[in-house]
Amino acid sequence: MAGVHFNYDSFKQLLRLSIGIAGRLDENRAESLTVLYCDFTNINDIDIENSLQEVLRNSDSIVNYENDFYFVLPYTDKYGAETVKKMFSDFFDKEFISLLVSYPVDGEDAEELTEYLQNSVKKFCKKDITYLDELA
């Protein structure tokens, strides 16, 4: 297994596409996708690459900005995303900073979801990810 890696500049476009597909296919408006944010600071690149191959599904998307990784997990609620997070923790044999946001519960579109993610990471992880504001 492995996720599909996208360029950081495409993150909001990827969210828009994923939300559009989820909205079209999920009439119940359940948690149709979850974004898992992970700060992989102090984890070496080879371990990160190997974890991506082992943990993620082919349908999962990856975007990273330096050591900040964003995983777009389609048809995954927060409970399922917690399982993915635990798989990463088990792989690295350590805990790391992370946070989950879901569509449509935490945001109705890419902008709302990104804003909620930024505010939550700032509040709960004590980290500033306002660099996401630069994306169109």
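Derivation of every value follows stated rules applied to the coordinates shown; laboratory data play no part. These numbers come from a predicted model, not from an experiment. Here Cβ is always computed from backbone atoms with ideal geometry, including for glycine, and neighbour counts include all displayed protein chains.
General remarks:
- Across the range 128-133, computed HN-Hα scalar couplings (Karplus, 6.51 cos²θ - 1.76 cosθ + 1.60, θ = phi - 60°) run 9, 10, 5, 4, 5, 5 Hz from first to last residue, x flagging Gly and Pro.
- The ranking of L99, L113, L17, L25 from fewest to most other beta carbons within 10 Å of each one's beta carbon is L25, L17, L99, L113.
- All Cα-Cα separations within the chain were binned at 5 Å from zero, giving a P(r) of 2, 10, 22, 26, 21, 13, 4, 1, 0, each value a whole percent of the pairs.
- Whole-angstrom gap from the range 85-129 to the range 33-74, using each part's C-alpha centre: 12
- Vicinal HN-Hα couplings computed from phi for the range 102-109 (Karplus, 6.51 cos²θ - 1.76 cosθ + 1.60; Hz; Gly/Pro x): 10, 9, x, 4, 9, x, 8, 8
- Magnitude of the charge dipole, the chain, Cβ model with Lys/Arg +1 and Asp/Glu -1, debye to 20: 220
- For D60, the amide hydrogen comes within under 5 Å of the amide hydrogens of V4, counting only partners 5 or more places away or on other chains and with H modelled in the peptide plane.
- The range 71-136: C-alpha gyration tensor shape, a/c 1.5 cut-off, then a/b vs b/c: oblate
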